[in-house]
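Peer 1: Got a structure for you, written out below as structure tokens; questions coming shortly.
The values are calculated or read from the model by the stated rules, or taken from the named source; none is laboratory data. As the structure is a computational prediction, the values presented were derived from the model and not from experiment. Cβ sites come from the backbone with ideal geometry, for glycine too, and all protein chains shown count toward neighbours.
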Amino acid sequence: MPQRPYIVGNWKMNGTRAMLSEARAIDRAAQRHMKVEVAVAPPYTLIHAVHREAAQIAVGAQDCHPGQEGPHTGDISATMLADAGAKFVILGHSERRESHNESNSCVQDKARAALDAGMRVIMCCGEADKIRQSGKAEDFVIQQLRESLPAMENATENLAVAYEPIWAIGTGNSATVDDISAMHTAIRALLVELYGVEEGSEVRILYGGSVNPDNARELLGADEVGGALVGGASLTADSFMGIALAAGEIQDS
Ligand code: PEP
């Protein structure tokens with residue numbers, strides 16, 4: 001991993017103010033692991049509170065609306081998230097693509113809005129089990145990214161991609177190192193094609209899907225893996241920072 005590994009927690013729809021103690025513990029531990037960039041995306045309701053308390057970690061959101069303001073009941077714009085202290089937004093997560101019918105072009109519009117608001121974007125992609133079984137996983141993921149990534153000047157400065165096979169999310173069945181390496185290498189080639197060699201090579205590609213402290217070292221050691229997007233194991237400081245520790249050890253080795 002040439003750049004600092006990026007370890008991002010996605011708390012999904014978990015966490016009330018009682019979880020702020022975990023955020024504090026993650027922040028304290030992150031101050032002892034400066035070789036690793038640690039970030040957390042709590043639910044909207046906790047963004048400002050985590051932002052106010054965190055000295056080291058970045059706080060982000062799990063979605064945003066493509067518009068800036070207006071009659072969109074229940075939605076939140078990237079500008080509002082930035083105002084609350086969010087520094088990044090996870091976009092195109094499979095749970096949103098599935099349960100909110102988010103298309104690639106909708107995700108792309110959101111990415112443009114987030115980058116315009118000065119936020120970082122973590123663009124998720126990943127295939128369902130049926131697609132993997134059919135042998136078309138790579139084609140699917142590359143097409144999904146082609147249609148979801150924004151073509152904007154300097155987009156790569158604030159961009160990361162997260163490869164998250166749907167069948168690996170929350171199941172305990174992570175992808176194999178070989179599958180991760182193959183997919184991340186294909187994603188890297190696409191990034192270089194879309195953004196040029198220099199900029200396309202800088203974008204970190206995270207792996208997500210049942211990463212835990214026991215498998216992190218192996219999974220994060222796969223080719224072209226620049227970090228991890230972590231769901232379940234990010235909900236406690238102990239397990240989340242176990243993953244960050246593994247990422248730091250790879251840096252040292
Ligand atoms: C996720 O949903 O982003 C994720 C990676 O979840 P988990 O780590 O629980 O598989």
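Peer 1: Restricting attention to segment 164-209, which residues are under 13 Å from the mean Cα position of the chain (by Cα) and more than 10 Å from the ligand (Cβ to nearest atom)?
Peer 2: 203, 204, 205
Peer 1: Sticking with this structure for a sec: Just for segment 210-232: of the residues that are in contact (Cβ under 8 Å) with a residue 60 or more places away in the chain and touching a strand residue (DSSP E or B) at 6+ places or on another chain (Cβ under 8 Å), which one is surrounded by the fewest Cβ atoms within 10 Å (Cβ to Cβ)?
Peer 2: Ranking the candidates gives 231 first.
Peer 1: If you don't mind, there's one more thing I want to ask. Going residue by residue through segment 53-70, is there one that turns out to be part of a helix (DSSP H, G or I) and surrounded by fewer than 20 Cβ atoms within 10 Å (Cβ to Cβ)? Spell out how you get there, then give the answer.
Peer 2: Step one: of segment 53-70, the residues part of a helix (DSSP H, G or I) are 53.
Cutting the leftovers down to surrounded by fewer than 20 Cβ atoms within 10 Å (Cβ to Cβ) gives us 53.
Among the residues of segment 53-70, at least one is part of a helix (DSSP H, G or I) and surrounded by fewer than 20 Cβ atoms within 10 Å (Cβ to Cβ), which makes the answer yes.
Peer 1: Can you confirm whether segment 3-14 contains a residue that is more than 14 Å from the ligand (Cβ to nearest atom), modelled with pLDDT under 95 and out of contact with any Ser or Thr (no Cβ under 7 Å at 6 or more places or on another chain)?
Peer 2: Yes: segment 3-14 contains one or more residues that are more than 14 Å from the ligand (Cβ to nearest atom), modelled with pLDDT under 95 and out of contact with any Ser or Thr (no Cβ under 7 Å at 6 or more places or on another chain).
Peer 1: Give segment 98-107 a look and list any residue that's more than 12 Å from the ligand (Cβ to nearest atom) and either under 15 Å from residue 128 (Cα atoms) or part of a loop (DSSP other than H, G, I, E, B) (or both), or say none. Can you show your working first?
Peer 2: First pass over segment 98-107, keeping only residues more than 12 Å from the ligand (Cβ to nearest atom): 99-107.
Scanning segment 98-107 gives 99, 100, 101, 102, 103.
Peer 1: Another question about this same structure. Only residues that are over 22 Å from residue 203 (Cβ atoms) and more than 13 Å from the ligand (Cβ to nearest atom): list them for segment 222-240, please.
Peer 2: 237, 238
Peer 1: Given the options 243, 250, name the one that is farther than 23 Å from residue 139 by Cβ and within 11 Å of the ligand (Cβ to nearest atom).
Peer 2: 243
Peer 1: Which of the residues spanning segment 126-161 are within 18 Å of residue 97 (Cβ to Cβ) and in contact with an Asp or Glu (Cβ under 7 Å, 6 or more places away or on another chain)?
Peer 2: 126, 137, 140, 141
Peer 1: Return the only residue of 79, 73 being surrounded by 15 or more Cβ atoms within 10 Å (Cβ to Cβ) and of a type in the set (Ser, Thr, Tyr).
Peer 2: When all the criteria are applied, what remains is 79.
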